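The values are calculated or read from the model by the stated rules, or taken from the named source; none is laboratory data. Since the structure is predicted, the reported quantities are computational estimates derived from the model, not experimental observations. Reconstructed Cβ throughout: ideal geometry from the backbone, glycine too, with neighbour counts over all protein chains shown. For the accessible areas, the whole protein counts, side chains as well, though only heavy atoms, and no ligand, DNA or RNA atoms are used. Shrake-Rupley method; radii C 1.70, N 1.55, O 1.52, S 1.80 Å.
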Amino acid sequence: MTASEVLKAWEACDLSDTVFVLVCTVFCWPIIPAVGLAYSGYSHRRNGMASFMPSLLVISVCSIQWFIIGYSFAYGEGSGVIGDFKYAFHRGVLSDPVGTIPAILFSEFQLVFEATVCAIAVGGACERGRALPLIPFIFLWSTLIYCPLAHMVWSETGFLANLGVLDFAGGTPVHICSGATASAMSIYLSYPLFRSRKSDKRTPSHLALHRPGNSMSQLIALVIIWNAWLAFDAGTTLSLNFKSVMALCVTNLCASASSLTWACMAYFETGKWSLDATFMGAISGLVMITPAAGFIDMPTAFFFGIGGAVVCRQALRIKFTKFAERWRWVDNGDTFAIHCVGGILATISTGLFARKEVAAYDGATVIDGGLFFDGNFKQVGIQLLEAMIGFTWSFIGSYIIFALIDCIPGLEVLAKNEDIVSGMDVAEMEESFHEYHEGDYHPFKNGSILLE
């Protein structure tokens, strides 16, 4: 395109909407390293920087992948499952309006979505996986797992979108996808099939539970993610209107209700306040509101937060069972319990409680609504189908990609034995005992910060 053509297309964009989405994009970007910071805080102090590094790799690899083929596969015309090569290398992606904003800005905002999902997903390799194999994994996973799923749900030609699925900001492409991917990676690290299994320097093992290594990292990550997720949901409207304001408000309320619910449950059980409980509660609330932010009102968002905290907290208990230890089940960063289980619950709940009048707050969106407020029984089935496809696609596809990378010499995915911290050493156990009057770490009895 010539400069005059680019400027002519730019004039067709709405300046207010463009500034709004530009600001939201800038505010959302810190989510990516903040996820790594959260994993760093959860990890053993010796593994803190190693757990943070994947989030930096995600930023670089996803940005390159999105430029080369990611945007085209996600938002090109193509089929109902995946886009085509129309926008490969961002060919023609400049100032032509997507809605009321330039295409290049729309692409950059959606890149933040992909990178955020990937940063959450690679947490499945924290403390047991190697960083080097994550580079090809991130590229292949983004291309073959995330982009087709995003295309199915959000593209004009996506088959789930055309079925009428309601997924405002990513219950399935963001949370179910990341949770299922992390679970697949974790299971493979517990039971590797190829080079990691054959190596005499790598022994698959269960990662013993330990107290978070850096409370301050958790605290900073919580502040950044909570703040940025407001822009994440508000910016999804892609224009400055009342619906974007409403999306921000319900997001904050849901996260607040969930955070307080989880923290209070932990307090009434242990008699102490826990940063872990507050952190996980807030994240579960943000997970719950993600697919529904553009479709539910404030009272519904409040109860979404409470329900998300109760369900995700129960799901979290799985990793503390003898069953989990026996089968080497590791849920680093509680990705399965919060993102996968919470994402499934949020996706189905959106079909139950969506309201067509709320969806119309932007003056353009028309939906049939959900079951309880608008009597749309069919919507629940559509949401169930989306959740099932999202989990199956993400889990199986991610497992296969991770396993294939493990076949390549030099790219063994499991870390060497000396690089894996199996749990608390004796000194830390004694410190934990004297500090908390408990013999073992438990998230509902021992948090990273506990106050009377």
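Taking a ≥ b ≥ c as the square roots of the eigenvalues of the alpha-carbon gyration tensor, region 179-288 is classed oblate because a/c is 1.5 or more while a/b is no larger than b/c. Helix 341-353 axis versus longest C-alpha principal axis of the chain: approximately 40°, rounded to the nearest ten.
Building the convex hull from the alpha-carbon atoms of region 54-149 and averaging its projection over directions returns 6.0 nm².
Were the residues from Ser60 through Ile104 laid out at 0.36 nm apart, the gain over their Cα-Cα distance would be 14.1 nm. Once the Cβ-Cβ distance of Met53 and Leu371 is raised to the sixth power relative to R0 = 35 Å, the FRET efficiency obtained is 0.20.
Applying 1/(1 + (r/R0)^6) with R0 = 41 Å to the Cβ-Cβ distance of Lys416 and Gln314 gives a FRET efficiency near 0.70. Peptides 397-408, 41-52, 330-341 ordered by packing proxy, namely the average of other Cβ atoms within 10 Å per residue, highest first: 330-341, 41-52, 397-408. Given +1 at the Cβ of Lys and Arg, -1 at the Cβ of Asp and Glu and no other charges, the dipole of region 81-216 around its Cα centre is 900 debye to the nearest 20. Rounded to the nearest 0.05, the FRET efficiency derived from the C-beta distance between Leu22 and Lys86 at R0 = 22 Å is 0.35. For region 308-422, the solvent-accessible area works out to 45 Å² per residue, with a probe of 1.4 Å and every protein chain left in place. Apolar share of the accessible surface for region 256-375: 66 percent from carbon plus sulfur atoms, 1.4 Å probe.
Considering the dipole of region 286-377 built from charges on the beta carbon (Lys and Arg +1, Asp and Glu -1) around the Cα centre, which of Leu371, Ala324, Phe353 is farthest to its positive end? The one lying farthest along the dipole's positive direction is Ala324. The Rg/Rh ratio of region 260-373, with Rg taken over Cα atoms and Rh as the Kirkwood radius over Cα pairs, comes to 1.07. Per residue, the accessible area of region 1-141 comes to 40 Å² when a 1.4 Å probe rolls over the protein heavy atoms. Counting only lysines at least 8 places from Lys272 when in the same chain, those with an alpha carbon closer than 18 Å to its own are Lys445. Each label point was placed 7 Å from the Cα along the Cα-to-Cβ direction; for Ala403 and Ile220 their separation is 3.9 nm.
Using a 1.4 Å probe on the protein chains only, how many percent of the accessible area of region 1-103 belongs to carbon and sulfur? C and S fraction of accessible area: 71 percent.
Please say if region 1-76 is rounded, prolate or oblate, where rounded means a/c under 1.5 for a ≥ b ≥ c the square roots of the C-alpha gyration tensor eigenvalues, and otherwise the choice is prolate for a/b larger than b/c and oblate otherwise? Prolate shape, in that a/c is at least 1.5 and a/b is the bigger ratio. Here is the size of the chain from its Cα atoms: Rg then Dmax, 21.6, 72 Å. Mind checking which lysines have their C-alpha under 21 Å from Lys356, skipping anything on the same chain fewer than 8 residues away? Within reach: Lys243, Lys378. From a point 7 Å beyond the Cα of Leu7 in the direction of its Cβ, which residues of region 85-118 have a backbone N at a distance under 17 Å? 95-96, by backbone N distance to the label point. The length gained on full extension between Leu94 and Ile135, counted as 0.36 nm times the residue separation minus their Cα-Cα distance, comes to 12.0 nm.
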